[in-house]
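Step one of this worksheet: look at the structure below.
The values are calculated or read from the model by the stated rules, or taken from the named source; none is laboratory data. None of the values given here were measured: they were computed from a predicted structure. So basically every Cβ, Gly included, is an ideal-geometry build from the backbone, and we count neighbours across all protein chains shown. The area values use the complete protein model at the heavy-atom level, side chains included, leaving out ligands, DNA and RNA. Shrake-Rupley method; radii C 1.70, N 1.55, O 1.52, S 1.80 Å.
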Amino acid sequence: MPPAHLQSYAKRAERHSNPAAKELLETIERKRSNLCVSIDVTKQADFLRIIDIVGPYICLVKTHVDIIEDFEPTVIDRLKELSERDDFLIFEDRKFADIGNTVALQYSSGVYKIASWSHITNAHPVPGPSVIAGLSSVGLPLGRGLLLLAEMSTKGNLATGSYTEQAVQMARAHRDFVVGFIAQHRMDGVAASDKGVADDEDFLILTPGVGLHSRGDSMGQQYRTPQEVVLESGCDVIIVGRGIYGKGNEVDAEYVQGQAEIYQKEGWAAYEERISAAE
């Protein structure tokens, strides 16, 4: 049997027991889209407007609800409605990084109550396994999934080498809840000599820092194309933000829709080329 990333999304969905991972893979296959749009805007009207436009073209939306200056609970109600209407999942990019008891409260409670609406969230491995245990105590009964930040796309980041290897080892010990990684390439081969590696290992790789028209920004972000990310590095989902909705203060619906279509097609073409090489 070929490695997981050389199999179809549909075939891989059959192997996953975690509901969030399974649903994401099925959605990708159904919509022929491995595109996730990252919505980093500060006004709820812009936030919902962008999602309303890109919804038909994405498998996943990545949110940062804590940057919405005029946030109110109705924003989440509308987000869930759009998710159901346009058939995509929600990923709150919370990056939890504290002891188990604290992250459990951050995940379940407070203003945002993330676990109640976000299918997937993520965490830094820095605190050790307790961060997974805390989040799992809340999210696993709800059918949620967790991504670990094994690598980052910013210049000079510290998520490299043994740090990345330990993130993979932590994930292998919690495969019921940890469904994959935020990373720049496949993690399956990292520390492959470990006894914890299973024959059916299949972690999802979601990759930020994807762009077609720029190689970086003034704050250290580095961009790669969908071809580089999906075909060459074997990643599963491309995460695109400003490359789709721009940097201006107003949402240009025609531009946003056009860019979403382009990235959806580019990401899917790279995937089809990847799996065709294994046939």
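If I take the Cα coordinates of the chain and project them onto the principal axes, what are the three extents in Å, biggest first?
Per principal axis, max minus min of the Cα coordinates gives 52, 45, 37 Å.
Please compute the modelled spin-label separation between Q257 and A10, points set 7 Å along Cα→Cβ, answer in nm with one decimal.
A separation of 2.9 nm, rounded to one decimal place.
Along the stretch 7-14, what does the Karplus equation 6.51 cos²θ - 1.76 cosθ + 1.60 (θ = phi - 60°) give for ³J(HN,Hα), rounded to whole Hz, x for Gly and Pro?
Coupling constants for the stretch 7-14: 9, 5, 4, 4, 5, 5, 4, 5 Hz.
Tell me, what ³J(HN,Hα) does each residue in the stretch 222-236 have, in order and in whole Hz, if you take phi through Karplus 6.51 cos²θ - 1.76 cosθ + 1.60 with θ = phi - 60° and put x for Gly and Pro?
10, 10, 10, 7, x, 4, 5, 6, 7, 7, 7, 9, x, 7, 9
Hey, what number do you get for the chain at 222 nm if only DSSP H runs of n ≥ 4 count, each worth -39500 (n - 2.57), divided across all residues, to the nearest 500?
Roughly -11500 deg cm²/dmol at 222 nm, from the helical runs in the chain.
First compute the accessible area of the chain with a 1.4 Å probe, then give the percent of it belonging to carbon and sulfur atoms.
51
Go through K62/K95; K11/K80; K31/K113; K113/K247; K31/K265; K95/K247 and tell me which ones have a Cα-Cα distance over 18 Å in this structure.
With Cα atoms farther than 18 Å apart: K11/K80; K31/K113; K113/K247; K95/K247.
Among DSSP beta bridges lying fully in the chain, give the percent that are antiparallel, nearest 5.
Within the chain, antiparallel bridges account for around 5 percent of the total.
Taking only the alpha-carbon atoms of the stretch 96-138, what semi-axes of the equivalent ellipsoid follow from 5 times the gyration tensor eigenvalues under a square root, in whole Å, largest first?
Working: eigenvalues 54, 20, 14 Å².
Equivalent ellipsoid of the stretch 96-138: 16, 10, 8 Å, largest first.
Could you pull the accessible area for F203 with a 1.4 Å probe, rounded to 10 Å²?
In the full protein context, F203 sits at about 10 Å².
Determine the gain in length on full extension of the stretch S137-E84; use 0.36 nm per residue of separation and subtract their C-alpha separation, reporting nm with one decimal.
Numbers: separation 53, 0.36 × 53 = 19.08 nm, distance 2.58 nm.
Gain on stretching S137 to E84: 16.5 nm.
Can you compute 3J(HN,Hα) from phi for each residue in the stretch 167-175, using the Karplus curve 6.51 cos²θ - 1.76 cosθ + 1.60 with θ = phi - 60°, rounded to whole Hz and x for Gly and Pro?
Whole-Hz 3J(HN,Hα) from phi for the stretch 167-175: 4, 5, 4, 5, 5, 5, 7, 9, 6.
Tell me the label-point distance for the pair V126, Q169, using the 7 Å Cα-to-Cβ offset, in nm and rounded to one decimal.
Reported label-point gap for V126 and Q169 is 2.0 nm.
Cα atoms only: what Rg and Dmax, in Å, come out for the stretch 225-279?
13.2, 46
Relative to a virtual label point 7 Å from the Cα of T102 in the Cα→beta-carbon direction, which members of the stretch 125-166 show backbone nitrogen distances below 16 Å?
The answer is 125-135, whose backbone nitrogens lie closer than 16 Å to the label point.
Please compute the length gained on full extension between Q227 and E250, using 0.36 nm multiplied by the number of residues separating them and subtracting their Cα-Cα distance.
5.3 nm
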